[in-house]
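Presented below is the structure to which this report refers.
The values are calculated or read from the model by the stated rules, or taken from the named source; none is laboratory data. Since this is a predicted model, take the numbers as computed values, not measurements. Reconstructed Cβ throughout: ideal geometry from the backbone, glycine too, with neighbour counts over all protein chains shown.
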Amino acid sequence: MAVRELEVYARLALDVVAAEGSELVLADGRRVLDLYGGHCVNTLGAADEEVAGAFGEQWRRLSFVTNLLDHPPREAFVEALGANLPPGEWRVFLGNSGAEANENALKAALGATSRERVVCFEGAFHGRTAAAAAISDVARSGFPRDPFELTRLPWGDGAAARAAIDDTVAAVVLEPIQSMAGVRVPPDGFLGELRAACDASGAVLIFDEVQTGNGRTGRPFAAQTLGVTPDVLVTAKGAAGGLPIGITVLSAALAAELPGGILGSTFGGGPSVLAAACVVQRRIGEPAFARHVREVSAALGEAALRGPVREVRGAGLLLGAVLDLGVDAGGVRGALLEHGILVGTSNDQSVLRLTPPLTLTLEEAARLGDALESIDGAA
Ligand SMILES: Cc1ncc(COP(=O)(O)O)c(C=O)c1O
């Protein structure tokens with residue numbers, strides 16, 4: 001065949017043909033418990049009826065319309081999102097992906113402050129486009145140079161942050177819990193120190209909540225779970241339950257300083273995606289839903305602390321399972337797959353990531369413990 005897809009991803013040998021709730025269905029009829037959740041995307045599990053209904057109905061009514069026109073799903077979505085944001089006056093810009101939402105956050109901070117330096121952190125991942133790759137700790141960004149001046153600090157080092165964040169800094173950008181790095185929770189007080197340093201210097205504090213947002217940590221956003229409010233909150237992945245979306249939420253004060261003409265998108269804010277995203281925001285905002293996430297988090301954390309796992313860290317359903325010394329996460333993932341369970345790895349070879357649908361049941365969570373026990377020593 002003359003045309004093939006470029007080989008970018010190390011694909012797993014799973015012949016997936018369908019999914020229901022937290023389970024993948026394979027071509028031969030076997031089922032795999034998906035504790036990876038499409039990498040924090042399947043917030044409400046696969047094939048959620050309410051999302052299907054809202055999306056389908058909107059598609060038939062008004063599938064897509066240019067951003068030159070307003071439409072009811074946009075208003076409904078902004079209202080539903082607003083109910084889940086930390087207290088404050090916010091302005092929302094809608095795009096298509098996490099990387100794009102981060103680019104827009106950085107553009108806004110650089111444009112509004114007229115400064116040229118960005119502070120970011122070792123271990124961070126923010127996406128693959130030029131600015132998002134520059135603030136990510138990746139071996140190769142793919143671009144010949146960074147689009148702005150950069151200071152990359154050790155994660156969790158308050159003294160280094162205090163020294164670096166001065167009035168030359170446009171933005172300080174971080175994942176409130178670093179996910180790809182191996183679910184690294186910030187040390188106590190670190191986010192508060194960043195908040196104070198930004199307040200003192202006039203730098204814009206940006207939280208990349210692409211993974212930590214949308215109910216994942218047991219509150220709508222990690223800003224609430226960790227008790228620090230940024231100036232810009234970025235989210236994507238699970239915000240539309242499986243459809244592409246990127247959301248940049250700016251404080252009204254910052255938005256007022258934004259130069260005109262720097263933001264825009266063809267698809268961002270389209271009605272069908274927002275009809276689905278509205279269902280997600282409403283559901284994650286329900287107190288019973290958040291309670292469920294916290295309950296299942298406790299159960300999954302307990303189940304994960306078996307077999308080759310020596311520590312579980314993280315929040316809600318963004319958990320890192322730290323393996324015994326010398327045990328490789330890739331090997332454990334392979335062994336768990338043999339037991340019908342899919343988990344994620346991370347950039348730390350000793351850490352597995354658990355990012356299941358937030359609708360995971362207690363019974364499903366318990367299955368991980370049994371599987372870990374039975375692979376102990378074999379992985
Ligand atoms: C924290 C974080 N930010 C940004 C991104 C980029 O999102 P996208 O792949 O939608 O561009 C990712 C993707 O994994 C991510 O984990």
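Per-structure values
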quantity	calculated
Filtered residue count, the range 1-38, keeping only those that are within 29 Å of residue 285 (Cα to Cα) and surrounded by fewer than 15 Cβ atoms within 10 Å (Cβ to Cβ)	2
Filtered residue count, the range 154-194, keeping only those that are part of a helix (DSSP H, G or I) and under 19 Å from residue 235 (Cα atoms)	1
Close pairs from the range 342-363: first under 14 Å from residue 295 (Cβ atoms), partner among the small types (Gly, Ala, Ser), Cβ under 6 Å, at least 6 apart	356/22; 356/37; 358/215; 359/45; 360/22; 362/299
Qualifying positions in the range 214-257 - hydroxyl-bearing (Ser, Thr, Tyr) and away from the ligand (no atom under 16 Å from the Cβ)	229, 251
Set 205, 254, 243, 226: member being closer than 15 Å to residue 94 by Cβ and outside the structural domain of residue 318 (by TED's automatic domain parsing)	243
Residues of the range 68-104 that turn out to be more than 25 Å from residue 275 (Cβ to Cβ) and aliphatic (A, V, I, L, M), as a count	0
Options 154, 186; residue that is away from the ligand (no atom under 16 Å from the Cβ) and either over 21 Å from the mean Cα position of the chain (by Cα) or at negative phi (or both)	154
Tally of residues being surrounded by 24 or more Cβ atoms within 10 Å (Cβ to Cβ) and under 23 Å from residue 162 (Cα atoms) across the range 113-131	4
Residue within the range 322-329 that is in contact (Cβ under 8 Å) with a residue 24 or more places away in the chain, in a helix (DSSP H, G or I) and either surrounded by 20 or more Cβ atoms within 10 Å (Cβ to Cβ) or not assigned by TED's automatic domain parsing to the domain that holds residue 86 (or both) present	no
Single match in 190, 207, 221 (criterion: over 24 Å from residue 128 (Cβ atoms) and of a type in the set (Phe, Trp, Tyr))	190
Selection count where residues are farther than 30 Å from residue 22 by Cα, assigned to a loop (DSSP other than H, G, I, E, B) and aliphatic (A, V, I, L, M), scope the range 239-274	3
